Amino acid sequence: MEPLQGGINNQVFRCEAAGHKFVLKGYAAHRTGEHDRFKAELEFLNYARVVAPEFVPQLLGSDAASRCLVLESLEGDGFQEGTNPSEDDIDCAANFLRCLNGDLELAKRHVKGSAADGFLRLTEHLQNIEQRISKMSAEHLPADFRAKADGLINCVWRELYYLQESTVQLIAKGNCKDVLDPINRCVSPSDFGFHNAIRTPQGIRFFDFEFSGWDDPVKVVADFDLQPRVPLRSRARVLSKALTQWSKGLEERYDVLFPILKLKWACIILALLNPDRYAQITALDDGQASEQLVRGKLELAQSYLT
């Protein structure tokens, strides 16, 4: 068993037995009121193997009591951070999304839950950002970074106040609707992007669907562009063509939701300003968060705020 990078909330191992390779993924205990990562990924993979098996690893087994999945081991090359995916790569992602949403009645029979942060209201996204910022502090960081971190906290607060005011005004004037009609939701892989993809001999395969479920298609398209590890340089809007739910109203919604989600991504990058999250991150590094990590996160968040 070879441990792979699994993040804070799960453990992942590449295993080999009798010449066969597979991946074992275990999930932390589910807490009431939170998105169930194990259930979401299990539902999604069971559905994807019906409508899009060529885009995902094969689900080989599951154990609900142990909260673990056994998955096909994908062999190939990942997309390195900062690389620029080709138009063919983006078309592949669009085809994956198209397959997932080609038969919504079938999707409803397989996928029951909402995606993580799958809010239907624009104002819910703003409330989520406010909750994230309210947990931020610089006091637990190394002293050399506290001034810059405090400046970024003030910056995200200012941006939030601006977006709250402008969004409320747009809704009041009838320029956009706060709530998305649930009938327009789509099935989302969530955390969707080439940071969670491998180029195999059979084609690009996507993985990590623990945040998946029903979601606002505008959020799916915007998040695909905004994720920081393999950014799309504002080309992700092409994904909208893969969604039959997309309409002029959703095009207008994109213009409103995109800057909100951009601020949310800045907050996600600044997760280490949450003392509890910082403790989890440092625990993965034997209690030592390197200065390079902190500096990199602060600089990346700054780029999302300019």
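The values are calculated or read from the model by the stated rules, or taken from the named source; none is laboratory data. Keep in mind that what you see is a predicted model, and the values were worked out from it rather than measured. Note: ideal-geometry Cβ built from the backbone for every residue, glycine included; neighbour counts use all protein chains shown.
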For the stretch 149-189: of the residues being small (Gly, Ala, Ser) and modelled with pLDDT of 95 or more, which is farthest from residue 297 (Cα to Cα)?
172
Residue ID - farthest from residue 116 (Cα to Cα), chosen from residues in the stretch 8-19 that are modelled with pLDDT of 90 or more and out of contact with any Lys or Arg (no Cβ under 6 Å at 6 or more places or on another chain):
16
Number of the condition not met by residue 146 [criteria: (1) modelled with pLDDT under 95; (2) of a type outside the set (Asp, Glu); (3) over 25 Å from residue 120 (Cβ atoms)]
(1)
Failed item in (1) part of a loop (DSSP other than H, G, I, E, B); (2) in contact with a His (Cβ under 6 Å, 6 or more places away or on another chain); (3) not aliphatic (A, V, I, L, M), with residue 47 passing the rest
(1)
Criterion: among the basic types (Lys, Arg), at pLDDT 95 or above and on the phi < 0 side of the Ramachandran plot - qualifying residue of 248, 262, 241
262
Select, from 160, 243, the only residue that is aliphatic (A, V, I, L, M) and touching a strand residue (DSSP E or B) at 6+ places or on another chain (Cβ under 7 Å).
243
How many of the residues making up the stretch 53-107 are part of a helix (DSSP H, G or I) and either out of contact with any strand residue (DSSP E or B) (no Cβ under 7 Å at 6 or more places or on another chain) or β-branched (Val, Ile, Thr) (or both)?
14
Criterion: out of contact with any strand residue (DSSP E or B) (no Cβ under 6 Å at 6 or more places or on another chain) and surrounded by 13 or more Cβ atoms within 10 Å (Cβ to Cβ) - qualifying residue of 40, 116:
116
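Which of the residues spanning the stretch 29-43 are within 18 Å of the chain's Cα centre (by Cα) and either in a strand (DSSP E or B) or touching a residue at least 12 places away in the same chain (Cβ under 8 Å) (or both)?
The answer is 35, 36, 37, 38, 39, 40, 41, 42, 43.
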Please go through the stretch 44-60 and give me each residue that is of a type in the set (A, V, I, L, M) and in contact (Cβ under 8 Å) with a residue 24 or more places away in the chain, ordered by number.
45, 48, 50, 51, 52, 56, 60
Return the total of residues in the stretch 108-138 being outside any helix (DSSP H, G or I) and either free of Cβ contacts under 8 Å to residues at least 40 places away in the same chain or on the phi > 0 side of the Ramachandran plot (or both).
1
Enumeration of residues in the stretch 140-170 that are more than 25 Å from residue 292 (Cα to Cα), hydrophobic (A, V, I, L, M, F, W, C) and surrounded by 16 or more Cβ atoms within 10 Å (Cβ to Cβ)
160, 163, 170
